[in-house]
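Okay, structure first, notes after.
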Amino acid sequence: DQQVKQNSPSLSVQEGRISILNCDYTNSMFDYFLWYKKYPAEGPTFLISISSIKDKNEDGRFTVFLNKSAKHLSLHIVPSQPGDSAVYFCAATENNAGNMLTFGGGTRLMVKP
Amino acid sequence: NAGVTQTPKFRVLKTGQSMTLLCAQDMNHEYMYWYRQDPGMGLRLIHYSVGEGTTAKGEVPDGYNVSRLKKQNFLLGLESAAPSQTSVYFCASSYSREQFFGPGTRLTVL
């Protein structure tokens, strides 16, 4: 049973508009969440994270929102740029997990010029 | 700093052959991990290590072995490759919850 799910395998957005990527989780012990970005033929790179004590974290064009009651987080990219086209993975971990991450299946974002 | 490097980048094996994937990191991280990535399944943890000389099983350890003889290196071995092990393998390291990934090894087992 997948503890972290990204239900949209792909998303297409026009350049300049907002991209919203969603992630749901089932394990209530998760207390830290991360988003990674992956280009083809490269390894994932860390993008942004959020602790469960917060409901929002912002870094430039990227904002992550956390709704603990719904066990849902989302990544907003505003404005979207063609260079944002990549696969985005959300990941979660809990305090006693030895820094191990549980990943979602990924969402492929395509930003059209 | 090179970060996390992986050797080789590509490999084709026949069923039953063995091979070792090498991961090296120069960030002095205690934790190292091996993942496999398959379409639609995200990254699944194979084995991990919390320090030199230690290893532990992850979510999908069957058919793989690992060793961490030196802090900077983490080796992933396939003793008898199977077509189900065709995948992209990523190594990662960390000192906290943020993990740093290598560029990956694409392995095909025929």
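The values are calculated or read from the model by the stated rules, or taken from the named source; none is laboratory data. Small disclaimer: the values here were computed from a predicted structure and weren't measured. When we count neighbours, we look across all protein chains shown, and the Cβ atoms used for this are built from the backbone with ideal geometry, even at glycine. Remember, those area values only see protein heavy atoms, side chains included, never the ligands or the DNA or RNA. Shrake-Rupley method; radii C 1.70, N 1.55, O 1.52, S 1.80 Å.
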Under 15 Å Cα-Cα from A:Lys68, which aspartates and glutamates qualify once same-chain neighbours fewer than 8 residues away are excluded?
A:Asp24, A:Asp31, A:Asp55, A:Glu94
Give the long-range amide H neighbours of A:Arg17: residues separated by 5 or more places, or on another chain, with amide H under 5 Å away, using H modelled in the peptide plane at 1.01 Å from N.
A:Ser80
Rounded to the nearest 100 Å², what is the buried accessible area between B and A, both sides summed, probe 1.4 Å?
1600
Any chance you could run the full-extension gain for A:His72 through A:Gln3? It's 0.36 nm times the residue separation minus the Cα-Cα distance, nm to one decimal.
23.7 nm
Heavy-atom accessible area per residue - the protein assembly as shown, 1.4 Å, Å²
48
For a 30 Å ceiling on Cα separation, which of these pairs sit above it: A:Lys38/B:Lys71; A:Lys5/A:Lys112; A:Lys54/A:Lys112?
A:Lys54/A:Lys112
Specify, per residue and in Å³, the volume enclosed by the convex hull of the alpha carbon atoms belonging to chain A.
100
Compute, for chain A, the length of the dipole vector about the Cα centre, with Cβ point charges of +1 (Lys, Arg) and -1 (Asp, Glu) only. Units Debye, rounded to 20.
220
Largest to smallest accessible area among B:Arg11, B:Arg44, B:Arg68 [probe 1.4 Å]:
B:Arg11, B:Arg44, B:Arg68
Modelling each spin label as a point 7 Å along the Cα-to-Cβ direction, I'd like the A:Asn96/B:Ser80 distance in nm, to one decimal.
3.8
Find how many whole Å separate the alpha carbon centroid of segment A:64-86 from the alpha carbon centroid of segment B:47-110.
29
In sequence order, what are the phi-derived ³J(HN,Hα) couplings for segment A:94-101 according to the Karplus relation 6.51 cos²θ - 1.76 cosθ + 1.60 with θ = phi - 60°, rounded to whole Hz, with x for glycine and proline?
10, 4, 9, 9, x, 6, 6, 10
